[in-house]
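To start, the structure itself, in structure tokens.
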Amino acid sequence: IVNQGSSSKAEEKNSNDLGQDDFLKLMTVQLQNQDPFKPMDDGQFIAQMAQFSTASGIGELQESFADLASSINGNQLLQYSSLVDREVLINSNTGYFDGSNEMNANIEVPSSSSSLSVKIYSQSGALVDSAELGPQSAGNVSFSWDGTDSDGYQLPPGQYVIQAETSYGGTATSLDTNVMAKVESISMGVGGRPPNLNLQGLGSISSSSIAQIR
């Protein structure tokens, strides 16, 4: 019943559309039935033809753009497919530990700092590990975490939150972090958008969010 109702509405909508053939038929009837004592002047006739040409041209242009967008998306998908099983750097404070390989990340330090600390939290908010990285110059400071807590016990695979902090003028300041994530698959973007990267343990992000490829 649902499918039949949907089909009926689609047919009704199509029957109300004015196509090129309908437009030409209307113009022909209009010319045949015009008042011979008050015929349509050239300006009116040219204006109607211009409207018809414009409408037809817009339709063809829309089809061309749709074909172009489809082609571009297909080429982008093919290009980004080479990223599968590789790691990309994304701006995020959440990384994924797979249970065996180190979780790699870096911290964006805007200006020289006398001290830099990093804390690792579980998804439940529990502090599991921390480290003091000491004085740092401005730039990106790389670090890795082996998946063990502060007592040296191995932690299970999953998402872990990174909190980086420094002090400027005696005031504690949180810093942005970037994490490395493994690309598992690529999916087509919607509405002409770039393809999406499906990351191990982190879900899907737009390919435009990639900061670095390793």
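For the range 71-85, the candidate set comprises residues that are closer than 10 Å to residue 185 by Cα and surrounded by 13 or more Cβ atoms within 10 Å (Cβ to Cβ); within that set, the residue that is modelled with the lowest pLDDT is 80.
Is there a residue in the range 92-111 that is over 28 Å from residue 206 (Cβ atoms), modelled with pLDDT of 95 or more and not in a loop (DSSP other than H, G, I, E, B)? There is no residue in the range 92-111 that is over 28 Å from residue 206 (Cβ atoms), modelled with pLDDT of 95 or more and not in a loop (DSSP other than H, G, I, E, B). Scanning the range 139-189 for residues that are outside any strand (DSSP E or B) and either touching a Gly at 6+ places or on another chain (Cβ under 6 Å) or open to solvent by less than 60 Å² (accessible area, probe 1.4 Å) (or both) gives 147, 149, 152, 155, 157, 189.
Before we move on, is residue 153 of a type outside the set (A, V, I, L, M) and in contact (Cβ under 8 Å) with a residue 12 or more places away in the chain? Criteria not met by residue 153. For residue 114, the conditions (1) modelled with pLDDT of 90 or more; (2) more than 27 Å from residue 183 (Cα to Cα) are fulfilled apart from (1). Take residue 197 and decide whether it is of a type in the set (A, V, I, L, M), under 26 Å from residue 117 (Cα atoms) and touching a strand residue (DSSP E or B) at 6+ places or on another chain (Cβ under 9 Å). For residue 197, the condition - of a type in the set (A, V, I, L, M), under 26 Å from residue 117 (Cα atoms) and touching a strand residue (DSSP E or B) at 6+ places or on another chain (Cβ under 9 Å) - is not met.
Please work out if residue 114 is loosely packed, with under 12 Cβ neighbours inside 10 Å and in contact (Cβ under 8 Å) with a residue 40 or more places away in the chain. Judged against the criteria, residue 114 is a match.
For the structure I just gave you, tell me whether residue 124 is over 17 Å from residue 179 (Cα atoms), open to solvent by 50 Å² or more (accessible area, probe 1.4 Å), in contact (Cβ under 8 Å) with a residue 40 or more places away in the chain and not basic (Lys, Arg). Judged against the criteria, residue 124 is not a match.
Within the range 127-138, restricting attention to residues that are open to solvent by 50 Å² or more (accessible area, probe 1.4 Å) and part of a strand (DSSP E or B), the residue that is farthest from residue 203 (Cα to Cα) is 132. Quickly run through the range 95-111 and pick out the residues that are under 22 Å from residue 167 (Cα atoms) and either hydrophobic (A, V, I, L, M, F, W, C) or loosely packed, with under 14 Cβ neighbours inside 10 Å (or both). Selection gives 105, 107, 109, 110, 111.
The values are calculated or read from the model by the stated rules, or taken from the named source; none is laboratory data. Just so it is clear, the model here is predicted, and its values are computed rather than measured. With ideal geometry, Cβ positions are generated from the backbone for all residues, glycine too; neighbour counts draw on all protein chains shown. Calculation scope for accessible area: heavy atoms of the full protein, side chains included, ligands and nucleic acids excluded. Shrake-Rupley method; radii C 1.70, N 1.55, O 1.52, S 1.80 Å.
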